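So the structure is just underneath, and the comments pick up after that.
Any read-out appearing in this document is the output of simple, stated calculations on the displayed coordinates, not a laboratory observation. Everything numeric in this text was worked out from a predicted model, so none of it was measured. Virtual Cβ from ideal backbone geometry, glycine too; neighbours counted across all protein chains shown.
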Amino acid sequence: MHAPPRVNFRDAPATTADFEERHAWLSTAEDSPFVRTFVMYRRDAEGADLLRGRVLTRIDAAKGKTERELGGKEELFDVIGGVFGRRLDDLTPADRAVLWDRVGRAHAVWLASRS
């Protein structure tokens, strides 16, 4: 179990060392939300896009919130590249398959938790 969040009211500026322990937990612990769920976030002048697993959400100041479930592996990679501008040239086909499998398993767990 990780320590609860803390607030620091010191006057001194924060240093990288102040964040190292929490960063290590967030990026490696099995119960970290960043390890359990694939997440991408992007803001623009009109709103924000959020990808959590296979659910793409658009929050638009004028149009409100829209949400849709991505249908498959190619759609996920199209959204990652098109909406979020993340080129996946560094991923091999095997890397993509592993990513898709992880996203799919986490999505199935999430769906089961909603019923």
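Annotations for the structure displayed:
- Against the chain, whose longest principal axis is taken from its Cα atoms, helix 17-28 shows a tilt of about 30°.
- As a proxy for reagent exposure, SER113, SER27, SER32 were ordered by neighbouring Cβ count within 10 angstrom, fewest first; the result is SER113, SER27, SER32.
- For the chain, the alpha-carbon coordinates run over 48, 38, 37 Å along the three principal axes, in decreasing order.
- Degrees between helix 73-82 axis and first principal axis of the chain (Cα, 0 to 90, nearest 10): 60
- Folded to 0 to 90 degrees: helix 93-114 orientation relative to the chain principal axis, Cα: 80
- Nearest-0.05 FRET efficiency for ALA61 and VAL98, computed from C-beta distance (R0 41 Å): 0.65
- Once the Cβ-Cβ distance of TRP110 and GLU74 is raised to the sixth power relative to R0 = 30 Å, the FRET efficiency obtained is 0.90.
- Take every Cα pair under 8 Å whose residues are at least 6 apart in sequence, average their separation, divide by the length of the stretch 9-113, and the relative contact order is 17 percent.
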